[in-house]
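The values are calculated or read from the model by the stated rules, or taken from the named source; none is laboratory data. Note that the structure is a prediction, hence the values are computed from the model and not measured. Note: ideal-geometry Cβ built from the backbone for every residue, glycine included; neighbour counts use all protein chains shown.
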Amino acid sequence: MRYINGHQSRGKNRGASNGRYKGGAVYNKVHDRFMVNRGDGIFTCRARKVMEEHLGRKLERDEVVHHINGDKHDDRIENLVVMSNSEHSRLHGALRKAGETLAL
Ligand SMILES: [Zn+2]
């Protein structure tokens, strides 16, 4: 009789991904965007973290990170721009009028 190797050990290795998930982005269905660990266990929008690292400072509360190409999952720095909350609402109002899809 032969044992089939692999099952047990594979299961053990995979289990590690559940607990401490550092560095990687986690998809948040409710907000429809990727979240990352800020470093202190609190999750924040990946776009904000990417922008904060780019600027070398924390974003203010009324600063919003807008996705230039409208793809909220595209958090590359070249697709992100910082604007104030009011500028952002105005921009999206204009985009809506133009028939563009609403994205943050
Ligand atoms: Zn936006």
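Look at the range 87-98 and say how many of its residues are modelled with pLDDT under 90 and within 20 Å of Asp32 (Cβ to Cβ). Residues flagged as modelled with pLDDT under 90 and within 20 Å of Asp32 (Cβ to Cβ) within the range 87-98 amount to 2.
One residue stands out in the range 59-104 among those that are among the basic types (Lys, Arg) and surrounded by fewer than 12 Cβ atoms within 10 Å (Cβ to Cβ): the one that is farthest from the ligand (Cβ to nearest atom), namely Arg61.
Quick check on the range 24-47. Is at least one of its residues at pLDDT 80 or above and in contact with a Leu (Cβ under 8 Å, 6 or more places away or on another chain)? Checking the range 24-47: at least one residue is at pLDDT 80 or above and in contact with a Leu (Cβ under 8 Å, 6 or more places away or on another chain).
Working only within the range 93-104, note down all residues that are out of contact with any Lys or Arg (no Cβ under 7 Å at 6 or more places or on another chain) and either part of a helix (DSSP H, G or I) or in contact (Cβ under 8 Å) with a residue 24 or more places away in the chain (or both).
Gly93, Ala94, Leu95, Arg96, Lys97, Glu100, Thr101, listed by residue number.
Can Val36 be described as under 18 Å from Gly24 (Cβ atoms) and in a helix (DSSP H, G or I)? No.
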